[in-house]
Every structure is written in C-alpha cells, then in structure tokens.
1. Shape verdict for the chain, please, from the Cα gyration tensor: rounded (a/c under 1.5), prolate (a/b greater than b/c) or oblate.
2. Fewest first, what order do Tyr218, Tyr376 take by the number of other Cβ atoms within 10 Å?
3. Any idea what the relative contact order of the chain is, in percent, if you count C-alpha pairs under 8 Å spaced at least 6 apart?
4. Quick one: the Cα spread of region 187-293 along its three principal axes, in angstroms, biggest first?
5. What does the convex hull of the Cα atoms come to per residue for region 4-103, in Å³?
6. To the nearest 0.05, what FRET efficiency results for Ala132 and Leu398 with a Förster distance of 35 Å applied to their C-beta separation?
7. Mind putting a number on the dipole of the chain about its Cα centre? Charges go on the C-beta only, +1 for Lys and Arg and -1 for Asp and Glu, and I need it in Debye to the nearest 20.
8. For region 10-160, what is the charge dipole size about the Cα centre, in debye to the nearest 20, if Lys and Arg each add +1 at the Cβ and Asp and Glu each add -1 at the Cβ?
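Where a number appears in this text, it was derived from the coordinates with a stated rule and is not lab data. What you see is a predicted model; the values in this text were computed from it and never measured. Cβ sites come from the backbone with ideal geometry, for glycine too, and all protein chains shown count toward neighbours.
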Amino acid sequence: MFEKILIANRGEIALRVVRACRELGVRTVAVYSVADRDSAVVRLADEAVCIGPPESRQSYRNAAAIVEAARRTGAQAVHPGYGFLAEDADFAEICADNGLVFIGPSPEVMAALGDKARARSLMREAGLPLPAGSLATVGTAARAREIADEIGYPVIIKCAAGGGGRGMTVVRSADELGPAYERTRITAQAVFGDDRVYLERYLVQARHVEVQLLCDGYGNGVHLGTRDCSVQRRHQKLVEEGPAPALSVGTLDALANSALRGALRAGYTGAATFEFLVDEAERFSFMEVNCRIQVEHPVTEMITGVDLVHEQLHIAAGVPLRLRQADVRIAGVAVECRVNVEDSDRGFAPTPGRLSRFSPPGGPFTRVDTHGYPGYLVGPYYDSLLAKVVVWAPDRDLALGRMERALHEFDVDGPGVRTTIPFLRRVLDDAGFRKGRYSTGLVDRLLRAPATPPAPAALAAPAAPTAAMAASPGGPPTTANLPRRTR
Ligand code: MV4
C-alpha cells in the first residue's frame, strides 16, 4: 500500500478520501485554494498545501501546481476525486511522467473512453446493446441526414468530446436536422475544441441506470450492482438509489454483466461506472463510461458493504482484486439525496453564504458525507453540493421513510442560504417516485406542476411562475445547456 497520497480535490469527496486513507494507514496531503483555507480537510489531512487562488483553473485544475505539491511532500500517488482533473487523460499522463500513480485507469484507456464516439464503437465490439445510430462520428450534414432517415426520428446529436449530457441536441424532424447538425458542431468546437459529433436514435422517457464496477490490473473485475439516477435536472442528479427499482432481476443481471464485459474488454483498471438507458420494456442501451469515483458511490457502498475508495487504493497500489463476483451480495435498498446550496424556486441558482446553523441528521443506517459545519462559508467558486444524505433499509419503502425522517432532521440555515431540501421532499412525495415508476422526465414534471398547495392556515398568494419554470421548457436538452458542470 502507499505510504502517502495527495488528494487533488476539495469538499466532501476530499474528506471521503482522507477517511479511507486514515483507515488504511496511508498518510494524506490535502491541496486547497485560497478560498478553502478554512475547510475541514485542511485540518483532517496530515498535511495541507495551498495551490493557488480560488479560480479552479489556477488551483484544483492546475496540473503543474498539484504535481509540484506532490513532489514537495513526497506523495506517491494522486487521488483525483470527481470533477476537476478526474477524467483528464493528460493529467493522468503528467502524473505518470512525474513518477506519481494516478488513482484511476491508464491515460490510454481514459482517453479512449472519454471519446464518447470511440467508447460507443468499443462497446459495440464488446457486444453491448446500443441505441441505433452512426457507427462513428459523422462528417457532413448530408451524411447525418442519411443516417437519421435510416434510424428514424427523433434523433440526438452528441459531441464525441462531450459526455454527462453536455452538448447534446435532440432533432424531431428532417427539416431541423441540417441546422441542428451545424449548430452542434460549432458549439462543440467552441466548448470542447473538438467538433466531432455522432448520431443516435433519441430514446424518450427512459430511465438512467448505471452499473458500478471494480477492475484490477490483472484482468479481474466485478460489478457491484446498479443505481437509478433518473432524478436529474439539466443533468445534475438530485436523488439516486440502488438497486435500480422496478426492473426484473434478469434485466439487472444482464445489464451488470454486459458492463463488466465492456470494462474488461477496454482494459479498464479501477472504479468505473457504465451508464445505460432503460426503456419501459426493460430494453437497455449503453450510453457512456465514467472513469472516476462518482458522487453517488455511497449508494453502492450501502447495498454491498464494499468500501469503494479502499478498493481504488488497493487496485492503484497493484494489489489483485480482493473480491470475486460470488463475494458481492446486494442487500436491501439505499437512497441518496444531494443537498445543494441552491434555491429550487429560483431556477436552482446557487445561494452562497455563511452557515449560521448546520446540524446534519444521524440515527440508524444514515450516512451524511459533508464538508459543512456551523460557521462554514459556502463560497461562489465551486459547485454547490454541501451534503449527501444516504440511508439504507431492508426494503425500498423503509428506505424512503428513513430518508424523509433524515431530511426532517437536517437543520441548515444562514443569511441568504437556501437548500434543495424542500425540492427533495417533493420528489420523495411524488406518487410515481414512490412506486419506483419514474424516468428522466420526473423533475421537469414536478417543476411544471404547481408548487405544493400551502396548508389552509398558512398564507400567501400563489407563487409567481419561477425562473425554473421559465427555464425548463420540459423539452429535451439542447446545446443551450452546453457550458455545464461535469459531474
Ligand atoms: C440519451 C437520451 C436519450 N436517447 N441518448 C444524458 C447524459 C448522458 N450520459 C446521456 N444522456 C442521455 N442520452 C439517447 N440516444 C437521454 C439522455 C438523458 C436525459 C435526457 C433528457 C433529460 C434528462 C436526461 C437524463 C439522463 C439521460
């Protein structure tokens, strides 16, 4: 095992990695920006190095500053967390060039899977089911038109360099295709510096189901079950659960096994997530691979008992996988709610400010991953995730009841500070969600519906249409969504 590693991240995930390291006797180096001087990880890590100003380009995305901090402190490896440099193949290569182990897949595998068109063709070769679409990127509008006519409308144009829902354009009819194709390419060039796009048949009302995998460097791999992440707004997940509900065991198994086959074929090492869409008939199609530990990894930890960050560290240190598939048992149901410092009545705009009150829930089978504390200043520089509330129970109804109880306990306040807790409650209250019958359309439906009628005694004129409503046509995502955060 490593003696010392550097954590190239901040917030709750940096704390999560510090905790895993302490449990394994690995010393930790935290890096922090000027804005994060007072963060909990600076106190909890064995050492902390300031790497630059608040702007992430100059700190958490600054490969040179991070490598220099590792050199100065003698760290042997770098854990990138999620976001920032976590899926940057160039950074993984820079680490290797400087004698540092990057805790994740090799730069080559990351580059191959990070190119969504290449990933699509790789997985096709591995026998994974895909939506109908182009075999590779599409170089002309005329060719796009031919393919679209063949697979039928609606189609979706995706950027090879995109992912996570960034830079997708849905096209409903042939007359929209040419202009949409040109627009998507121009935006892709501007945002990613790569104008290659590919086409897929657009699948409506599907569920987002993903599979957690662990693979070592010796050709061994296991899957750790599924998570449903359909509760999203503009590709930001709000609620995740595992195992994916309302799917037959046969479907879940086939999906997980196909993901594992794909990862082994690609030569993947470390923790990976394979994303699929699943339709009403339980047909599933491969979407993309996430080459990192994900925000929602605790869901899987709760239903399997496997510490995914421990496993990442062992794999990166060259230890053969300590689990076989027969050792992995999915038990019960886990649910995660993301508590963001945002105002769901104002289009989920961030509401930074100082926390005057911060008292997270506790109790049985309740885990809260957070970097918050009373007096913590939530700044405007980074994403607004403050806490993840994760609960486990033997069945889904009990887990949802436990989550309602946990959110009820959560006390967060501060001048100007709002959280997504009220909106999370609306999700948990939704009849379709309760039954486990929901798809990626759930959040837009809730945002279009009138806000919960106030209790008779409690006041107030009906809410005016909110920014969220104005900004949510309810239609498919467009290139208007392009400059988004990446998690
Ligand atoms: C799609 C799709 C429907 N059809 N591809 C978005 C994130 C990225 N991982 C893949 N995504 C999607 N790809 C085809 N061919 C639907 C999504 C999608 C989605 C679309 C609209 C609104 C919310 C969504 C949530 C997850 C996935």
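1. Details: a/c = 1.33, a/b = 1.05, b/c = 1.26.
Verdict is rounded for the chain.
2. Working: Tyr218 12, Tyr376 18.
Exposure proxy ranking, most exposed first: Tyr218, Tyr376.
3. Details: 1060 pairs, mean separation 71.9, N = 487.
This gives 15 percent for the chain.
4. Over region 187-293, Cα extents along the principal axes are 39, 35, 25 Å.
5. Values: hull volume 7.8 nm³, N = 100.
Spelled out: Cα convex hull of region 4-103, divided by residues, is 78 Å³.
6. 0.30
7. On the way: 57 positive and 57 negative charges, 96 e Å.
With Lys and Arg at +1 and Asp and Glu at -1, about 460 debye.
8. 260 debye
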